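Chemist: A single structure is presented below for examination.
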Amino acid sequence: MYGEEAGSTKVDLYGRDRERQELDRLLEGARRGNGSALVLWGDPGIGKTVLLEYAAARAAGFTVLGCRGSRMESRLAFAALHGLLWPLVDRIGTLPKPQADALRGALGHTQHTTDRFLIGVATLTLLTELAAEEPLLITVDDTDQLDEPTAACLAFVARRLDRSRVAMLLATHTDPAAEGPWEGRRAIGLAPICDADAERLIRAERPTAPEETVRRTVAAACGNPLALRELPALTAGPGERLPVGPRLRRAFGSRTSLLSPGARSLMLVAAAEDRGDQHLVRAAAATLGAGAAAWDEVLRSGLLTLQGATLRFKAPLVGAVVYDAAPFAERQAAHRALAQVLERDAVEEGLRAWHLAAATDVADEAVAELLERTARHDAASGGNASAVRALLRASELSPDPVDAARRLSLGALAAWECGQVARARDLLDQAGRLSPAQKVAEDSGGLSGLIEFAHGDQEDAHRLLLRDATSVSDRTRAMELACLAVRAGWAAGSPDRQASALRRLSELTCETDTPEASVLSALAPWWSDAEAVPPFAEDVTAPLGTVSWRLMPPAPLAAAWGAERAVSDVLGRKLEVLRCTDATNALVLTVPQTATLDIVTGRWSQARANATETLRLAEEIGAPHAASQCRNSLGWLAALSGDEEAVTELSAVTLQLSVPRRVRALTAAAYWNQGQAALFAGRAEEALEFLVRLTEPGHDAAHGTFALLAAADTVEAAVRAGRPAVGEAAAEVLGSWARRTGVPWAVAAAHRSRALLGSDRAEEWFERALRVPGAADRPFWHSRTRLLYGEWLRRAKRRTEARPHLAEAAETFARLGAQPMLVRARSELELTGSQPRPAGVAEESLLTPQELRVAKLAAEGLTNKEIACHLLISPRTVGHHLSNVFPKLGLAARSELARVDFDNGLRMNA
């Protein structure tokens, strides 16, 4: 649980902040001459010993003495006291003679006999005199196994430390409030540590542990630190149990070994049952001959307790020890008895399946079939991780290799759905060794292509998806695979691959009369390169809410079609469903799409929060494409906000992953972000070098959709760089799209581009761009039109007409946090003779009370973690508040908060 640095007082403790503070106070009290004793108590393995070690490490300038109780020495009088005082033997002679004789006799140095009171006095005197030289810390572990004379002696001392420089720290398993030697002493009961700290502990102990192992171990250990160190894995079925380490055996084994055979059988059934159903446990145990007498015995032992109708072990690890220590044949008998009782309960079919699986070690098709049925039920209800385990066990019990392969394929599909990508690949490989590739594709629903699409090379993904879309018998699944093959071709920036998949998709939709077919037919024009494409209509996206996420178009394509709000609403509803299940892969592939659309519609804080959270999850489960989509969203926001360093860092990581895998859509997005960052910083030539790559044949960043979305930026960069021919080509792309589709953003961007390219009708083109119905739905780009028009008017000496456009643009940029554009708009306003509000000026009411508190603390130089501690919120919440504060105050960096005068209207100081 804890790591100690050699030669240092540093000890890392997880989840023990309160206890650590108490120990620090204990030591500080001893330094000041206000000594005391403190009892730490709790279950075996809860962390008492390591807290003693922490105190010893923190006791700088102290003399530290320690001892511990032992089962073997518990019958030997003063055995523990001998260990404690051994370093002080030479000092015993300094005590008054009666005390010295008594203590020497107690320690076995002489045959002198005396009463325990005098021994206690002698011990107290010896320790307090030592503490007069420098403070003294005494640590006593396992006090419940101390020999009784030592316990009585130390209890005597503990009650008399108040005017000394002695701190005594004792650890025991039982509550000292009960009758015993430590009654009346100040005590701290150690509770289990929380799941977050448990996970940190495991990560520190086992840095390479798989995510599933960590999650299952956390669930099994129930916050017991020793268990978290000792139990390397947990499997969910009742027949799959924890290997228990030797320390846990020693902690619990001695207590259970004292029970009668019948009571141990009942304990084993309870451990095998694992849920606390007392009626089931008693019924199953009765079939093994453990009746009422055994029941009474285990309850009297305290190892099992009743809480209402629920049967609980005194500590969760007791059940693990009981189960692990039992012979395999006895475990099988316990599971068989449980399954027999459950046979009458149809509701518990899944539980019965697991007990039957645990009771057999040979192939059994009936049990395998039952497990498969359980797995299908689990997967249907969103429990894919449980389904994986059930299917893997079912494959092991399958007599026929064909059935085993099918179950492995289904298990791979469930593993992929809940984010276990490496396991999914492995299970597919295992299935492939037992069955032909076409059969594996049929059983897994074309999973090999799905995995490649989400994690690998897009050209390979296209090939696998198209292959399986031709071979799988289920038409709906075939359409999903074909649709993903289209997306893989799109992501690869390959019109030929996209077209081949479209042909297969068209064949499938023509042959099938389903909701999916009608939706795909309606969306087919979105992918088409045909000249005549009908304009976007809301009824095209409305049915998307009824189909799989796999049939959803990519967000950039939806943005190109001006369908950002409709598609975003559909994705939002799907996410609500996905978050109620453990379909992790679907989640990390869907959330980045919403982030893209949120940026387009001006919901930048929401986009940032979603992209940041999902990036962490995607990295954890090993979903590189989803992670790169999140980085691209964050990079886009960074470009819009003026954080060029972040753009560079995020783009570099994306390109490192996307270029080798030929994911040109991700590469193109990274290039676009870098081009925007340079353009907004005033470096037009550099911006153009990035942007022209989107249309350069054969380049890794060449991609039609992103070239279209970036065309307006390319026009502006070309005009500012003095390369109008490049701008004309980009404007033609925009104009063609606007004419074909009529989508507002493209029409407005095309008009604005014509104005920038020096037409003598520039004013008309700007006015037409601003009047396009729906153009204002993209606030950043609409405000850019106002800014550019305002600049044009100001240069034409029409300052009065320019001001309202510039002022409105500045207001929107401030609200969004688009710092480069905000600076530019305010500079233009000043040139018109207007006196805009200085950067950072805002009405105090713009900030919520919590945002104001967070901003003030950040201005003082506190980190997010420190602010979180002050306000009792999470660091992530602090970051969210700051992401709102910056655009409200018109700031670009955290360091600028120090210049804000929070007491005088949030004005910027010089």
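Chemist: Taking helices (runs of 4 or more DSSP H) that fall entirely within the range 424-501, which contain at least 3 residues that are surrounded by 24 or more Cβ atoms within 10 Å (Cβ to Cβ) and either in contact with a Leu (Cβ under 6 Å, 6 or more places away or on another chain) or among the charged types (D, E, K, R) (or both)? Walk me through it before giving the result.
Modeler: Values: elements: 437-444, 447-455, 458-471, 475-491.
So the answer is 447-455, 458-471, 475-491.
Chemist: On the given criteria, is Asp162 in contact with a His (Cβ under 9 Å, 6 or more places away or on another chain) and touching a residue at least 40 places away in the same chain (Cβ under 8 Å)?
Modeler: no
Chemist: Related question: Please go through the range 317-334 and pick out each residue that is under 36 Å from the mean Cα position of the chain (by Cα) and buried (at least 24 other Cβ atoms within 10 Å of the Cβ).
Modeler: Leu317, Val318, Gly319, Ala320, Val321, Val322
Chemist: Tell me whether the range 84-107 contains one or more residues that are surrounded by 18 or more Cβ atoms within 10 Å (Cβ to Cβ), aromatic (Phe, Trp, Tyr) and farther than 18 Å from Ser164 by Cβ.
Modeler: no
Chemist: Going by the structure shown, is Ala892 crowded, with 18+ Cβ neighbours inside 10 Å, modelled with pLDDT of 65 or more, part of a loop (DSSP other than H, G, I, E, B) and outside the structural domain of Pro820 (by TED's automatic domain parsing)?
Modeler: The answer is yes for Ala892.
Chemist: May I ask you to say which residue of Glu349, Glu343 is surrounded by fewer than 18 Cβ atoms within 10 Å (Cβ to Cβ) and either closer than 13 Å to Thr287 by Cβ or among the hydroxyl-bearing types (Ser, Thr, Tyr) (or both)?
Modeler: Exactly one of Glu349, Glu343 is surrounded by fewer than 18 Cβ atoms within 10 Å (Cβ to Cβ) and either closer than 13 Å to Thr287 by Cβ or among the hydroxyl-bearing types (Ser, Thr, Tyr) (or both), namely Glu343.
Chemist: If Ala517 meets every condition in (1) within 27 Å of Val567 (Cβ to Cβ); (2) touching a residue at least 60 places away in the same chain (Cβ under 8 Å) apart from one, which number is that one?
Modeler: Only one criterion in (1) within 27 Å of Val567 (Cβ to Cβ); (2) touching a residue at least 60 places away in the same chain (Cβ under 8 Å) is unmet by Ala517, namely (2).
Chemist: Return a yes/no flag: does the range 614-628 have any residue that is surrounded by fewer than 24 Cβ atoms within 10 Å (Cβ to Cβ), among the β-branched types (Val, Ile, Thr) and not in a loop (DSSP other than H, G, I, E, B).
Modeler: yes
Chemist: For the range 174-223: of the residues being of a type in the set (Ser, Thr, Tyr) and touching a helix residue (DSSP H, G or I) at 6+ places or on another chain (Cβ under 7 Å), which is farthest from Arg25 (Cα to Cα)? Walk me through it before giving the result.
Modeler: Of the residues in the range 174-223, the ones of a type in the set (Ser, Thr, Tyr) are 174, 208, 213, 217.
Subset that is touching a helix residue (DSSP H, G or I) at 6+ places or on another chain (Cβ under 7 Å): 174, 217.
Numbers: Thr174: 23, Thr217: 34 Å.
Residue satisfying both the conditions and the ranking: Thr217.
Chemist: Find the residue count for the range 754-801, including only residues that are more than 30 Å from Ala558 (Cβ to Cβ), in a helix (DSSP H, G or I) and among the basic types (Lys, Arg).
Modeler: Number satisfying all stated conditions: 3.
Chemist: Just give me the residues in the range 670-702 being in contact (Cβ under 8 Å) with a residue 40 or more places away in the chain and under 19 Å from His462 (Cβ atoms), in sequence order.
Modeler: Scanning the range 670-702 gives Asp700, Ala702.
Chemist: Name the residue, out of Glu686, Glu728, Glu649, Glu716, that is of a type in the set (Asp, Glu) and under 24 Å from Glu619 (Cβ atoms).
Modeler: So the residue among Glu686, Glu728, Glu649, Glu716 that is of a type in the set (Asp, Glu) and under 24 Å from Glu619 (Cβ atoms) is Glu649.
Chemist: If you don't mind, there's one more thing I want to ask. For the range 184-202, check the following and say yes or no: at least one residue is farther than 30 Å from Gly419 by Cα and at pLDDT below 85. Steps first, answer last, please.
Modeler: Of the residues in the range 184-202, the ones farther than 30 Å from Gly419 by Cα are 184-191.
Then keep just the ones that are at pLDDT below 85; that gives 184.
Looking through the range 184-202, at least one residue is farther than 30 Å from Gly419 by Cα and at pLDDT below 85.
Chemist: What strands (runs of 3 or more DSSP E) lie completely within the range 124-237 and have 2 or more residues being of a type outside the set (Val, Ile, Thr) and surrounded by fewer than 17 Cβ atoms within 10 Å (Cβ to Cβ)?
Modeler: By residue number, 186-189.
Chemist: Just one of Ala152, Ala102 is within 58 Å of the chain's Cα centre (by Cα), among the aliphatic types (A, V, I, L, M) and modelled with pLDDT under 85; which is it?
Modeler: Ala152
Chemist: Further, regarding this structure: Need a quick list: helices (runs of 4 or more DSSP H) entirely within the range 287-398 having at least 1 residues that are closer than 27 Å to Gly223 by Cβ and not assigned by TED's automatic domain parsing to the domain that holds Leu258.
Modeler: Passing ranges, in order: 349-358, 365-380, 384-396.
Chemist: Evaluate the range 575-586: report whether one residue or more is in contact with a helix residue (DSSP H, G or I) (Cβ under 7 Å, 6 or more places away or on another chain), modelled with pLDDT of 85 or more and in a helix (DSSP H, G or I).
Modeler: Checked against the condition, which is being in contact with a helix residue (DSSP H, G or I) (Cβ under 7 Å, 6 or more places away or on another chain), modelled with pLDDT of 85 or more and in a helix (DSSP H, G or I), the range 575-586 yields no hits at all.
Chemist: For the range 82-115, give me the residue count where each residue is part of a loop (DSSP other than H, G, I, E, B), over 17 Å from Phe156 (Cβ atoms) and among the hydroxyl-bearing types (Ser, Thr, Tyr).
Modeler: Total meeting the criteria: 2.
Chemist: For the range 739-774, what are the residues that are among the charged types (D, E, K, R) and closer than 18 Å to Leu709 by Cα? Outline the logic, then answer.
Modeler: Just the residues of the range 739-774 that are among the charged types (D, E, K, R), to begin with: 739-740, 752, 754, 760-761, 763-764, 767-768, 771.
Of everything in the range 739-774, those that are among the charged types (D, E, K, R) and closer than 18 Å to Leu709 by Cα turn out to be Arg739, Arg740, Arg752, Arg754.
The values are calculated or read from the model by the stated rules, or taken from the named source; none is laboratory data. Keep in mind the model is a prediction, meaning the values are calculated, not measured. Backbone-built Cβ (ideal geometry, glycine too); neighbour counts: all protein chains shown.
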